[in-house]
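Notes to accompany the following structure.
The values are calculated or read from the model by the stated rules, or taken from the named source; none is laboratory data. Since the structure is predicted, the reported quantities are computational estimates derived from the model, not experimental observations. Cβ sites come from the backbone with ideal geometry, for glycine too, and all protein chains shown count toward neighbours.
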Amino acid sequence: MTKQSYFKNQVWLECASCGHRTHFDRPVTNCEKCGGEWIDARYDYNAVEQAWPDALQNRPFDMWRYRELMPLRDDVHKVTMGEGGTPLLHATNLSLMLGAPHVYFKDERQGPTGSFKDRQASLAISVMKELGITEAVVASTGNVAISYSAYSALAGIKMWTFLTSLVPPEKMHEVALYGSEVIKVTATYDHTKKVAADFANRKGIYQDRGIRGISAREAMKTLAFEIAEQLPPQLDPANTPWRTPDWYIQAVSGGMGPVGVWKAFEEMVTLGLVDRMPKLACIQAAGCAPMVQSFEKGLEEAEPILNPQTRVITIATGSPGPAYNYLSRVIREHGGAFEAVTDEETFRAMHVMAKLDGVSMEPAAATAFAGLFKLISKGVIKRDEVIVVNCSGHTFPVEKHLLGDEWARTVEVPQDLPKTQETVKAESRPTEGLLGSLEQLDEHVQSIAIIEDDPQARLLLRRILQTRGDYRVFEAADGAAGIEIVRQEHPDIILLDLMMPGVDGFEVLESLKADETTSDVPVIVISAKELTQDERERLSGQIDKLMQKGNFTDEELLEEILKRAA
């Protein structure tokens, strides 16, 4: 290897319970003074403040850009495949549909193995290498096992991966392809973690401790550092180089991502890079939402869910551990939200993001978007706030024939444990609730006219209608053209804006209703205008439905179309 100069770092470990500090030079599981489990990495922040941001100007935009605030002492041990530096994308059509112009998502699907766990794996495996670890155990619901397996292969570390048997076979195949030992455990994820811990203890093998470890939380900080640099300058009146969103939203299982993001913004405040903290929204599947339920009950400790009932297996952690204590305190003191969404709401969100913004994602990522929809509809998140959602991953199945038949071992769990696998199998497959109502429209509606002067709004409405079925959609950019189209084509339904130049929506209505050939066509008004009492009276008896722009989902729109067409 060519000789080169490597960065070296000073890292201290600080106990959250007693404040005891020690240098990080060996594996640590508990505070040596009080036995506390939650230990934070600390750095020379004065030195970092002097080095940043000038030092960053000459570095590539990846995770290791923020090297000074990561618990690896020497770069010679760094294991990297170009992780981090993922784009922060504007959810253009989603923002328009929700009437929330500042919705962004961190596209973590673009990591080396397709999920944000690549950040965790890169740092965790690097630290293992630095500490001289050659064999390790990890428990996972899929993405962690894939990422750790890829990075351990690069580092030359043997990885034992314990996965609940509910993990999709495609993910298990990919883990096996990297050369890791795959152990399928026929139980919940919480029981899988116990089996893995027992195996590691009996064999004397290093066990990755997830959120209780140091590397995992520190790796998640890099998400926040990147977001702060990526948010558009126009969102900040002061036009500073680093910016804080109003909300950071993520689906949570153990809660590692939001914990890391929060610590990163705390460090940015310490360094004077930002002057405020974001609000955290932690979203869970309703069938396994121990954090949500415990927070609603005002509990200090999370009450475990013993038998998760969700098809979103990757976030089905019934016992979240110490992250709940941390996040519940943060949300109580600084604002934010815990929210639960059903599996059906998650699958609807998958359809919305794929069909409107061209983004296909795994269910865990869609859970976060479903939470966004619910929190906006409740008014918890304001429509003018800056929102960042973690689009945490995208599943890429491996070719099954590459592995043969002997690619995994199975551990049978005693029958007295909850039958999560059987329960899930017995559940019916999710129906496509979102946009599904269009399936019923075929015999009722073949043509729809959109009369709207905003081209983006026309595009969104057309896209909603095109997502299911082959319908004739006519568009008009002003009232006069709209009247002409309706007279020529006689559509089954009209979607009408009120505020248009020249002939406005009120005049369009009066003209169409006065014409015997068009007076019977149902009209749904979609407008951003706050109507006066006189204007509402003017519409009375002339329209079938009034819907507020930015205040309805496409499901609601399609349900209204279905009602008028029946």
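Listed conditions (1) within 24 Å of residue 378 (Cβ to Cβ); (2) in a loop (DSSP other than H, G, I, E, B) are all met by residue 332, apart from (2).
For segment 214-226, does any single residue satisfy the condition of being crowded, with 20+ Cβ neighbours inside 10 Å, in a strand (DSSP E or B) and out of contact with any helix residue (DSSP H, G or I) (no Cβ under 7 Å at 6 or more places or on another chain)? Within segment 214-226, none of the residues are crowded, with 20+ Cβ neighbours inside 10 Å, in a strand (DSSP E or B) and out of contact with any helix residue (DSSP H, G or I) (no Cβ under 7 Å at 6 or more places or on another chain). Can residue 47 be described as in contact with a Gly (Cβ under 8 Å, 6 or more places away or on another chain) and either farther than 27 Å from residue 81 by Cβ or not β-branched (Val, Ile, Thr) (or both)? No, not satisfied.
Determine whether segment 478-497 contains at least one residue that is polar (S, T, N, Q), modelled with pLDDT of 85 or more and farther than 22 Å from residue 446 by Cα. There is no residue in segment 478-497 that is polar (S, T, N, Q), modelled with pLDDT of 85 or more and farther than 22 Å from residue 446 by Cα.
One residue alone among 177, 154 is under 22 Å from residue 71 (Cα atoms), surrounded by fewer than 23 Cβ atoms within 10 Å (Cβ to Cβ) and out of contact with any Asp or Glu (no Cβ under 7 Å at 6 or more places or on another chain), and that residue is 154. Summed over segment 460-512, the residues that are out of contact with any Asp or Glu (no Cβ under 7 Å at 6 or more places or on another chain), closer than 16 Å to residue 545 by Cβ and among the charged types (D, E, K, R) give a count of 1.
Of all residues in segment 105-140, those satisfying the criterion of being buried (at least 21 other Cβ atoms within 10 Å of the Cβ), of a type in the set (S, T, N, Q) and within 21 Å of residue 250 (Cβ to Cβ) are 113, 115, 120, 122, 140.
Based on what the data block shows, is residue 375 touching a Leu at 6+ places or on another chain (Cβ under 9 Å) and either at pLDDT 95 or above or not assigned by TED's automatic domain parsing to the domain that holds residue 252 (or both)? No: the conditions fail for residue 375. None of 102, 90 is surrounded by fewer than 18 Cβ atoms within 10 Å (Cβ to Cβ), of a type outside the set (Phe, Trp, Tyr) and on the phi < 0 side of the Ramachandran plot except 90.
Scanning segment 232-258 for residues that are in contact with a strand residue (DSSP E or B) (Cβ under 9 Å, 6 or more places away or on another chain) and either in a loop (DSSP other than H, G, I, E, B) or among the aliphatic types (A, V, I, L, M) (or both) yields a total of 8. Taking segment 309-329 as the search range and keeping residues that are assigned to a helix (DSSP H, G or I) and within 20 Å of residue 38 (Cβ to Cβ), which one is modelled with the lowest pLDDT? If we take residues in segment 309-329 being assigned to a helix (DSSP H, G or I) and within 20 Å of residue 38 (Cβ to Cβ), then 322 is modelled with the lowest pLDDT.
Inclusion of residue 93 among residues that are within 27 Å of the chain's Cα centre (by Cα) and of a type in the set (S, T, N, Q) is warranted. Cβ-Cβ contacts under 8 Å between residues 6 or more apart (or on different chains), taken from a first residue in segment 349-361 that is surrounded by fewer than 21 Cβ atoms within 10 Å (Cβ to Cβ) to a second residue that is of a type in the set (D, E, K, R) and not in a helix (DSSP H, G or I), are listed as 351/432. Where strands (runs of 3 or more DSSP E) sit wholly within segment 96-188, those with at least 2 residues that are under 28 Å from residue 411 (Cβ atoms) and touching a Lys or Arg at 6+ places or on another chain (Cβ under 8 Å) occupy 135-140, 158-164, 181-185. Listed by first and then second residue, the pairs with beta-carbon distance under 7 Å, at least 6 apart or on different chains, first residue in segment 276-300 and closer than 16 Å to residue 246 by Cβ, second among the hydroxyl-bearing types (Ser, Thr, Tyr) and modelled with pLDDT of 95 or more, are 276/244; 277/244; 278/244; 278/248; 280/248. Of 316, 323, 281, 285, all but one fail to be buried (at least 24 other Cβ atoms within 10 Å of the Cβ), among the small types (Gly, Ala, Ser) and more than 14 Å from residue 367 (Cβ to Cβ); the exception is 323. Checked against (1) farther than 24 Å from residue 62 by Cβ; (2) surrounded by fewer than 24 Cβ atoms within 10 Å (Cβ to Cβ); (3) at pLDDT 95 or above, residue 168 passes all but a single condition, namely (3).
Close Cβ contacts (under 9 Å, 6 or more residues apart or on different chains) running from residues in segment 198-213 that are under 16 Å from residue 141 (Cα atoms) to residues that are of a type in the set (Asp, Glu) comprise 209/37.
Residue count for segment 145-162, restricted to those that are within 17 Å of residue 209 (Cβ to Cβ) and either within 22 Å of the chain's Cα centre (by Cα) or of a type in the set (A, V, I, L, M) (or both): 5.
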